[in-house]
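Undergrad: Structure in structure tokens, see below.
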Amino acid sequence: AKERVEVLNQADSLVFQTEKQLGEFGDKLPEDKKAPIESAIAELKEAHAAQDVDRCKAGIEALNQAFSAASQEMYQASQEAGGASAGPEAGQSGGEGDEEVTDVDFEEVNEEK
């Protein structure tokens, strides 16, 4: 009984999280990656509504795989698009920036004395 409740809760939570992420990042996903995720969500919702533990387990696995493939593609696209902006971050510790760095000492003053 405990496993049943845990699987159903996991399915419900995964559907919620995935729908939220699709709402935030769905416009960045190509349709060929988005459709399998939406299909897996629909299947998992049906399994959850039927409280079919085995179907929920299969649906969780399918949804994780579909979302993993899509998120990997999004990550690669962001790396390629952000490749030029990654340069300054890498150069911060190089000491050749335009900003002047000042080393400051400070003293804590206790005014209750």
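The values are calculated or read from the model by the stated rules, or taken from the named source; none is laboratory data. Computed from a predicted model, the values in this text were never measured in an experiment. Here the Cβ is made from the backbone with ideal geometry for all residues, glycine too, and neighbour counts use every protein chain on show. Protein only, heavy atoms only, side chains kept; ligands, DNA and RNA dropped before computing areas. Shrake-Rupley method; radii C 1.70, N 1.55, O 1.52, S 1.80 Å.
Undergrad: Would you call Q79 open to solvent by 70 Å² or more (accessible area, probe 1.4 Å) and at pLDDT 90 or above?
TA: For Q79, the condition - open to solvent by 70 Å² or more (accessible area, probe 1.4 Å) and at pLDDT 90 or above - is not met.
Undergrad: Looking at (1) over 27 Å from the mean Cα position of the chain (by Cα); (2) modelled with pLDDT of 65 or more, find the lone condition where S71 falls short.
TA: Here S71 meets the rest and fails (1).
Undergrad: Right, something else. I'd like the residue in region 34-62 that is among the small types (G, A, S) and open to solvent by 40 Å² or more (accessible area, probe 1.4 Å) and, out of all such residues, is farthest from D12 (Cα to Cα).
TA: Among them, the one singled out is A35.
Undergrad: Are any residues in region 3-33 farther than 24 Å from Q51 by Cβ and either assigned to a loop (DSSP other than H, G, I, E, B) or open to solvent by 50 Å² or more (accessible area, probe 1.4 Å) (or both), and if so, which ones?
TA: Q21, G23, E24, F25, D27, K28, L29, P30, E31, D32, K33
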